[in-house]
Amino acid sequence: MQTQELRIRFKRVSKRFPGVQALDQVSFDVQPGCVHALVGENGAGKSTLAKTLSGAHQLDEGVIELDGQPVSIRDARQAQALGIAIVYQEFNLIPHLSVSENVFLGRWPRSPWSGLIQLRQLHARTRQLLDELELSVPVHATVGSLSVAQQQMVEIAKALSLQARVLILDEPSAILTPHELTALFRLMRRLTQNGTSIIYISHRMDEIFALADHVTVLRDGRHISTKPIHDVGRDSLIHETVGRSLDQEFPHRKDCRGSRVLHVEELCANRAFDGVSFDICEGEVFALTGLIGSGRSSVAKAIFGAVRCSGGRVELDNHLGPFRSPRAAMRSGIAMLPEDRKREGLLLERPLRENITLAHREDVATLGFIISGREKKAVAGLMVQHDVRAAATEVAAATLSGGNQQKAMLARWLQRSYRLVILDEPTRGVDIGAKVEMYLKLNAMAQAGTAILMISSELPEVIGMADRIGVMCEGRLMGILDNAERDTAQEQIMRLVVGEAVT
Ligand SMILES: Nc1ncnc2c1ncn2[C@@H]1O[C@H](COP(=O)(O)OP(=O)(O)OP(=O)(O)O)[C@@H](O)[C@H]1O
Ligand SMILES: [Mg+2]
């Protein structure tokens, strides 16, 4: 094929960070008007490669050609000028600015006479983009007030506004629910028909097979393969990605449900949810699913004492709640992994070690002093146990790959045994090999008698792992399905999610 017919050609591209070769002589081509999937384990180098295109990272070696011409992409502005837009895995919105101001950041329409920002035009153009994405948030809302998923959609709108030749989406689906995803996928098809090349990073095999025209596998910074999707089987793609076969994506757990641990009765929190009731037993995995903003995370936070309840009861064993604070909930044996690792979890600039020991500092301290030998040993053990891959315990959490940041959060929260563990989107951004490991851990916790409340937007995961599934819509629990009949669960969930009653 002639080089001119290629949109992008990576030629022996390398990038090194202290202690890691993130990209090692990577070469492959991306065609115009195609969806090109990029897959690989956590830390394989996918985001690093994407950032070499967006100007966030400079190459150590190698060449990038765009439409047949070698280009050097020094910064974001230059990438934009070349027609490259990116939606980062960890996004970059400014929380106190409005949706519109973020979407057109640095490109606000101004009056040629007065130089003032033309707000009406700004909002109208933003509205048009949001409509294409079927996102109904007000354009003047501040971004900080939106959910993570809505923020992700705003990032996508921002990338769309650039009308780029190359659009890079770094794991957008890790955060979006099926509804937004459908809108996004429709839009991606329209864009490729108009000649845009889309580089799509995802850990979800279903999506890759549904969307991609080509797929590239990276492993440990090296290029493993680039193939048309038709020439690739699911098992062989998994094998190339993780370097081994997986017997089962959702390992079996025998039913080990015991007596009741959690009782939630008519729980309400102003505006977030209303009249929510359910129980969870020892050894049970109870999943809560639903659309963004349906109230799932708020229910979880309310149980954990992080959101004030305006009515109702929470009982944990014999302890009467609601809990007044997360600290009180933790003392009674609840642990919670929050949804948004950037806002509520990781201290990005602090060392990984500190991030991991944060929840249980007393375990590595005597009379309030951290014993550093003990801390280092504990951290090293937890990193192995949770498969957190980083160059060292002292690197800043920000330098970890997305999936490894998530695993570090699990290492922080799952250090002991608990009565109830609440996990809000625990496998977000985690690669498919590491997911299976995480499921095995969940199963082991359940089998040891812990009650598990898992929030997840990924239906196969919900159906593959839960004993029972609660579906929320607009702040109400629409129904609870017993997951014994997995074949019918998906359809029933989809109906409850949009508020239809199920008979
Ligand atoms: N700014 C940085 N400083 C130091 N090391 C970095 C930095 N960014 C990435 N790395 C390292 O480079 C390697 C590749 O990371 P990258 O983020 O590209 O992985 P990824 O394939 O996107 O993984 P994930 O699926 O978890 O998002 C990892 O070892 C990571 O720790
Ligand atoms: Mg990444």
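The values are calculated or read from the model by the stated rules, or taken from the named source; none is laboratory data. Because the structure is a prediction, the values reported are computed rather than measured. Cβ placement follows ideal geometry from the backbone for every residue including glycine, while neighbour counts extend to all protein chains displayed. Areas reflect the complete protein model, heavy atoms only, side chains present, ligands, DNA and RNA absent. Shrake-Rupley method; radii C 1.70, N 1.55, O 1.52, S 1.80 Å.
Of the residues A329, T289, S277, the one whose Cα sits farthest towards the positive end of the charge dipole of region 272-345 is A329 (charges of +1 on Lys and Arg Cβ, -1 on Asp and Glu Cβ, taken about the Cα centre).
Within the same chain, aspartates and glutamates fewer than 8 places from K11 are excluded, and of the rest, those with a Cα less than 18 Å from its Cα are D24, D29, D60, E61, E65, D67, D220. Measuring between alpha carbons in the structure, the pairs from K301/K376; K46/K158; K301/K407 lying more than 26 angstrom apart are K301/K376. Around the amide H of I455, modelled in the peptide plane, lie the amide H atoms of L288, L423, D424, E425, all under 5 Å away and 5 or more residues distant in sequence or on another chain.
Note on the chain: semi-axes of the ellipsoid equivalent to its C-alpha gyration tensor, largest first and rounded to whole Å, are 37, 27, 23. A full extension of the chain between S332 and A141 corresponds to an added length of 65.0 nm, given 0.36 nm per residue minus the alpha carbon distance. Once backbone amide H atoms are built at 1.01 Å from N, H386 has no partners under 5 Å, excluding neighbours fewer than 5 places away on the same chain.
Please figure out what share of the DSSP beta bridges in the chain is antiparallel and state it in percent, rounded to the nearest 5. Provide the component values of the computation, followed by the final result.
Values: 45 of 80 bridges.
For the chain, the DSSP antiparallel bridge percentage is about 55.
Is the C-alpha gyration tensor of region 172-221 telling us rounded, prolate or oblate? Criteria: a/c under 1.5 is rounded; beyond that, a/b larger than b/c is prolate, otherwise oblate. Cα axes put region 172-221 in the oblate bin. Two numbers describe the Cα atoms of region 68-181: Rg and Dmax, which are 14.6, 45 Å.
Counting only whole DSSP H helices of the chain, the ones at least 15 Å long by C-alpha along their axis and with mean Kyte-Doolittle hydropathy no lower than -1.0 are 148-160, 178-193, 372-385, 402-413, 432-447, 486-497. An ellipsoid equivalent to region 396-503, defined through the eigenvalues of its Cα gyration tensor, has semi-axes of 27, 16, 13 Å when rounded to whole angstrom and sorted largest first.
For region 278-358, applying the loop criterion from DSSP together with a ceiling of 10 other beta carbons within 10 Å to the GluC sites (Glu not before Pro) yields E349. So how far, in whole Å, is the C-alpha centre of region 146-215 from the one of region 240-318? After rounding, the separation between the Cα centres reads 29 Å. When both region 1-42 and region 381-405 are represented by their alpha-carbon centers, they are found 25 Å apart.
Averaging the sequence gap over all C-alpha pairs within less than 8 Å and six or more residues apart, then dividing by the number of residues, gives region 3-242 a relative contact order of 28 percent.
Straight-line reach from K377: taking Cα to Cα under 14 Å and skipping same-chain neighbours fewer than 8 places apart, the aspartates and glutamates in range are E354, D363, E394.
Among the trypsin sites (Lys or Arg not before Pro) within region 78-150, those in coil by DSSP and having at most 14 neighbouring Cβ atoms inside 10 Å are R107. Distance from the C-alpha centroid of region 60-76 to that of region 407-430: 40 Å, rounded to the whole angstrom. For region 3-242, the equivalent ellipsoid derived from the Cα gyration tensor has semi-axes of 31, 20, 17 Å, listed largest first.
Think of the chain as a dipole: +1 on every Lys or Arg Cβ, -1 on every Asp or Glu Cβ, centred on the Cα centre; then among V20, G499, A466, V20 lies furthest on the positive end.
Go ahead and run the numbers for FRET between R416 and L246, Cβ-Cβ distance against an R0 of 41 Å, rounding to 0.05.
After rounding to 0.05, the efficiency reads 0.90.
Computed over the chain, relative contact order equals 16 percent, with contacts defined as Cα pairs under 8 Å that lie 6+ residues apart. For region 289-332, backbone nitrogen atoms closer than 17 Å to the point 7 Å from E266 Cα along Cα-to-C-beta are found at 309-315, 321-322.
On the protein heavy atoms, probe 1.4 angstrom, tell me the percent of accessible surface of the chain carried by carbon and sulfur.
Result for the chain: 50 percent of the exposed heavy-atom area is carbon or sulfur.
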